[in-house]
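J.: Below are the structure tokens for one structure; questions will follow.
The values are calculated or read from the model by the stated rules, or taken from the named source; none is laboratory data. Everything numeric in this text was worked out from a predicted model, so none of it was measured. Cβ coordinates were reconstructed from backbone atoms using ideal geometry, including for glycine residues, and neighbour counts include every protein chain displayed.
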């Protein structure tokens with residue numbers, strides 16, 4: 001299933017992306033798809049939980065009840081296969097945080113060890129009739145994994161600029177009115193590249209500036225940061241090809257998204273000089289997150305996104 005969101009930050013609940021072994025296609029960033037946003041109709045009641053309490057528990061993928069049980073009984077085998085897969089194909093050591101059953105398989109949520117830092121996923125086929133996990137056929141969406149690694153590389157080579165962005169959100173959260181997703185939620189059901197509690201990084205498939213850095217990393221995962229920086233092709237960089245998707249939540253469990261806070265964040269980002277270049281999309285949600293999809297975006301969410309992002313050249 002392809003994401004139909006205008007920007008990736010509105011689809012951090014990657015149940016929109018992960019449909020199991022059948023029907024999971026490469027997804028695109030907002031610049032690549034250009035499709036109108038499709039807002040999920042979410043049930044009400046105890047399917048929602050405060051974002052501060054959400055760790056990914058209750059998350060599920062379609063038709064995954066039985067495969068989830070099979071995956072759990074073969075967890076050690078799946079963990080080993082996932083680690084081997086990412087090490088061999090992407091030269092990256094990962095740790096497995098969560099395995100969730102889906103149609104004909106299980107989705108394996110992983111986090112890279114060290115830098116470049118990112119979250120992503122792989123899929124292990126499962127034969128329900130034979131009660132068998134086929135770890136030899138583990139696979140991943142290559143576009144998503146490359147996007148994840150490139151986002152982590154961007155964070156590495158522009159570390160000082162991202163530190164400024166991190167400091168801003170830490171100070172904003174310290175004021176006591178907004179918050180972000182928990183680290184556990186990112187680990188267990190994040191899966192979409194370089195992510196913090198407040199934002200994610202996504203690159204367009206048209207971004208040629210980061211390709212030499214990515215290729216250098218694959219050829220030598222222990223390459224120095226200095227050489228990775230040198231490999232970055234400044235002449236081919238376009239801010240529109242680097243999306244920084246910001247997703248914030250109200251800290252008060254009963255608060256509606258505040259227009260005052262939202263407008264202040266927009267103003268601050270427009271005026272800030274030392275943050276990373278790129279196209280910034282912003283969403284401010286209320287305090288609740290959907291347990292089953294990890295989605296926070298709702299009809300009352302405030303947003304500024306594609307094609308009206310804040311572009312920092």
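J.: If only one of 205, 256 is at pLDDT below 95 and in a loop (DSSP other than H, G, I, E, B), which one is it?
T.: Numbers: 256 fails: at pLDDT below 95.
Result: 205 is the single residue among 205, 256 that is at pLDDT below 95 and in a loop (DSSP other than H, G, I, E, B).
J.: With the structure loaded, tell me whether residue 223 is within 15 Å of residue 150 (Cβ to Cβ), part of a loop (DSSP other than H, G, I, E, B) and over 22 Å from the mean Cα position of the chain (by Cα) or whether it fails that test. Spell out the reasoning first.
T.: Values: within 15 Å of residue 150 (Cβ to Cβ): yes; part of a loop (DSSP other than H, G, I, E, B): yes; over 22 Å from the mean Cα position of the chain (by Cα): yes.
Yes: the conditions hold for residue 223.
J.: I want to confirm something. Restricting to the range 59-69 and keeping residues that are closer than 10 Å to residue 100 by Cα and touching a residue at least 60 places away in the same chain (Cβ under 8 Å), which single residue is surrounded by the most Cβ atoms within 10 Å (Cβ to Cβ)?
T.: The qualifying residue surrounded by the most Cβ atoms within 10 Å (Cβ to Cβ) is 67.
J.: Which of the residues that make up the range 123-148 are surrounded by fewer than 20 Cβ atoms within 10 Å (Cβ to Cβ) and more than 25 Å from the chain's Cα centre (by Cα)?
T.: As a first pass, look at the range 123-148 and keep what is surrounded by fewer than 20 Cβ atoms within 10 Å (Cβ to Cβ): 125, 127-132, 134-137, 139, 141-143.
The answer is 127, 128, 129, 130, 131, 132, 134, 136.
J.: Of everything in the range 84-100, what is under 19 Å from the mean Cα position of the chain (by Cα) and either surrounded by fewer than 18 Cβ atoms within 10 Å (Cβ to Cβ) or within 27 Å of residue 63 (Cβ to Cβ) (or both)? Give them in sequence order. Don't jump to the end; show me each part of the working.
T.: Residues of the range 84-100 under 19 Å from the mean Cα position of the chain (by Cα): 86, 90, 92-100.
Those that are under 19 Å from the mean Cα position of the chain (by Cα) and either surrounded by fewer than 18 Cβ atoms within 10 Å (Cβ to Cβ) or within 27 Å of residue 63 (Cβ to Cβ) (or both): 86, 93, 94, 95, 96, 97, 98, 99, 100.
J.: Okay, next question. So which residues in the range 91-119 are touching a residue at least 60 places away in the same chain (Cβ under 8 Å), out of contact with any strand residue (DSSP E or B) (no Cβ under 7 Å at 6 or more places or on another chain) and either under 25 Å from residue 67 (Cβ atoms) or in a strand (DSSP E or B) (or both), if there are any at all?
T.: Listed by number, the residues that qualify are 102, 103.
J.: Which ones in the range 241-257 are under 28 Å from residue 204 (Cβ atoms) and surrounded by fewer than 17 Cβ atoms within 10 Å (Cβ to Cβ)?
T.: Of everything in the range 241-257, nothing turns out to be under 28 Å from residue 204 (Cβ atoms) and surrounded by fewer than 17 Cβ atoms within 10 Å (Cβ to Cβ).
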